[in-house]
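Notes to accompany the following structure.
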Amino acid sequence: MALITSISGIRGTIGGIPGQNLTPTDIVKFTAAYAKWCQEQHKKQDCTVVVGRDGRSSGVIVEGLVINTLMAMGVQVLHLGLSTTPTVEVAVIMEKADGGIIITASHNPKEWNALKLLNNKGEFISAQEGEKVIQYAQQSTSFASIDQIGTVKTLPNYINKHIERILSLPLVKEDLIRKRNFVIVVDGINSTGGIAVPALLKALGVAHIIELNCEPNGHFAHNPEPLPEHLTQISKSVVQHKADLGIVVDPDVDRLALICEDGSMFGEEYTLVAVADYVLSKKVGNTVSNLSSSRALRDITIQKGGQYYSAPVGEVNVVAEMKRTQAVIGGEGNGGIIYPDLHYGRDALVGIALFLSYVAEKKQHLSEIKAYLPQYYMYKGKINLTSNLHLESILDTLQNIYPEAQFNTSDGIKIDFPDSWIHLRKSNTEPIMRIYTEAKNYQQAQQLAQNVINLLQDTQTLQK
């Protein structure tokens, strides 16, 4: 169906034809290319690479191919088994490894899988480094001789080590959380969130946990992207159990969505906003989010005396801008929290710990907290790409339609108005065009998006 190489990794559908899907041939080719890149970076053959996977059903096959290819290249493998993306990132740092591979397709459906590639800082490799890996994948590979074959060492229960580091953070208020006696519903989407989130909550002193879809068998109970239309089960469960909140993560646990006590959506966009409000109340500083994230973060940051900065979509871009501006908190509006005091990676687990500390301190319902934050409404649309559509071809048209707006072309096209914005860009992970809009009311945001969707569809029709 598809094979996509981007700054988000090597991603594709399982099975099919090599070069068009994520087949064993492709997995071996790109893993060997990454190993070669790692060896050249560190000028040694016996690099150490951490490997972990989410719970999807193809994970065991992909994991075996990755580990054995790394060993065949002379690499020493630290095998975490079932894990989360942020746990692998933390493990690279703690084990002083030379890199890491996370086997996960994040929010994509079960037929997808991917290789997410890390550097020795536990961060995603840059676009330039990714291009080097892709270049190596097109070349012939020289594998290690029999005396240079790598080894594999299993490191069980690394999620618990990750949780221990989270609990050691000064802003995580375990005592306050324990005293609030929260009742929390968790949707683990039949992946490793079903292991990690309940374990974290228990470590934080939460005694009343209702688990939904927490067996990591890879048979996703619903579409794994944590959007409102996919979360009806947990919304009903929160109300049914009179819970204080619901927690939803994606299959690799780097995105966090929350459900209010009345079953309504707290909103993925507001996960970062709320956590930033808490962090900035303790330490004034700068924040960063991507161009598709809510303006509410900017408003909160300015209110608290800091400066807000934006970055192109992609965790690696947000991290680079956070480092440049020495941001104290940042992330992406898809529920991705990046807290530098722990590590530079999106981490739903640290997001949960900081959010619960915030709620425990405020002593309010989630719906009340949401109403207190700056109010914006976002529309997230997309269209399938049926032609080689170039955004440059419609830029002049958009500038003529919106002559009063400010345009940013660092990542697709971002159009800023005084009280709203439009952002359209090609996805890094799917063959689609994403159209995000935000305004002071939902109807305006929806209309802004529909105007652009109509223009894109008309343009694709003309290009056929």
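The values are calculated or read from the model by the stated rules, or taken from the named source; none is laboratory data. Just so you know, these numbers come straight off a predicted model, no measurement behind them. FYI the Cβ positions are ideal-geometry reconstructions off the backbone, even for glycines, and counts take in every protein chain you see.
Structure above, values below:
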item	result
Region 251-270 - residue that is out of contact with any Ser or Thr (no Cβ under 6 Å at 6 or more places or on another chain) and charged (D, E, K, R) and, of those, farthest from Lys116 (Cα to Cα)	Glu261
Among (1) modelled with pLDDT of 95 or more; (2) more than 21 Å from Gly150 (Cα to Cα); (3) in contact with a helix residue (DSSP H, G or I) (Cβ under 8 Å, 6 or more places away or on another chain) - the single one Val49 does not satisfy	(2)
Matching residues in region 153-167 - criterion: being over 15 Å from Pro86 (Cβ atoms) and modelled with pLDDT of 95 or more	Lys153, Thr154, Leu155
Hey, Lys440 surrounded by fewer than 16 Cβ atoms within 10 Å (Cβ to Cβ), within 30 Å of Met265 (Cα to Cα) and charged (D, E, K, R) or not	yes
Hits in region 34-83 (condition: in contact with a Ser or Thr (Cβ under 8 Å, 6 or more places away or on another chain), in a helix (DSSP H, G or I) and of a type in the set (A, V, I, L, M))	Ala35, Leu65, Val66, Leu70, Met71
Region 155-177, residues that are in contact with a Leu (Cβ under 8 Å, 6 or more places away or on another chain) and assigned to a helix (DSSP H, G or I)	Tyr158, His162, Ile163, Arg165, Ile166, Leu167, Glu174, Ile177
Region 128-139 residues that are assigned by TED's automatic domain parsing to the domain that holds Trp37, paired with ones that are in a helix (DSSP H, G or I) and aliphatic (A, V, I, L, M) (beta carbon under 6 Å, 6 or more apart)	Val133/Ala33; Tyr136/Ala33; Ala137/Ala33
Filter result for Lys121 (in a strand (DSSP E or B), surrounded by fewer than 18 Cβ atoms within 10 Å (Cβ to Cβ), touching a residue at least 40 places away in the same chain (Cβ under 8 Å) and not acidic (Asp, Glu))	no
Residues within region 97-110 that are at pLDDT 95 or above and either of a type outside the set (Asp, Glu) or surrounded by fewer than 19 Cβ atoms within 10 Å (Cβ to Cβ) (or both), tallied	7
Phe407 being farther than 30 Å from Asn113 by Cβ and over 27 Å from the mean Cα position of the chain (by Cα)	no
Long-range neighbours under 6 Å by Cβ, at least six apart or interchain, first residue closer than 24 Å to Arg425 by Cβ and in contact (Cβ under 8 Å) with a residue 40 or more places away in the chain within region 284-303, second of a type in the set (Asp, Glu) and in a helix (DSSP H, G or I)	Val288/Glu321; Ser294/Glu269
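Each row is one residue, and each column tells you yes or no for (1) surrounded by 19 or more Cβ atoms within 10 Å (Cβ to Cβ); (2) within 19 Å of Ser357 (Cα to Cα).
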| residue | (1), (2) |
| --- | --- |
| Tyr158 | yes, no |
| Asp175 | no, yes |
| Ile184 | yes, yes |
| Ser191 | yes, no |
| Glu211 | no, no |
| Pro226 | yes, no |
| Asp244 | yes, yes |
| Ile247 | yes, yes |
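Results for (1) outside the structural domain of Val273 (by TED's automatic domain parsing); (2) surrounded by 13 or more Cβ atoms within 10 Å (Cβ to Cβ); (3) over 30 Å from Pro109 (Cα atoms), shown as yes or no for each residue.
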position: Lys382; (1), (2), (3): yes, yes, no
position: Glu392; (1), (2), (3): yes, no, yes
position: Leu395; (1), (2), (3): yes, yes, yes
position: Pro403; (1), (2), (3): yes, no, yes
position: Trp421; (1), (2), (3): yes, yes, no
position: Arg425; (1), (2), (3): yes, yes, no
position: Arg434; (1), (2), (3): yes, yes, no
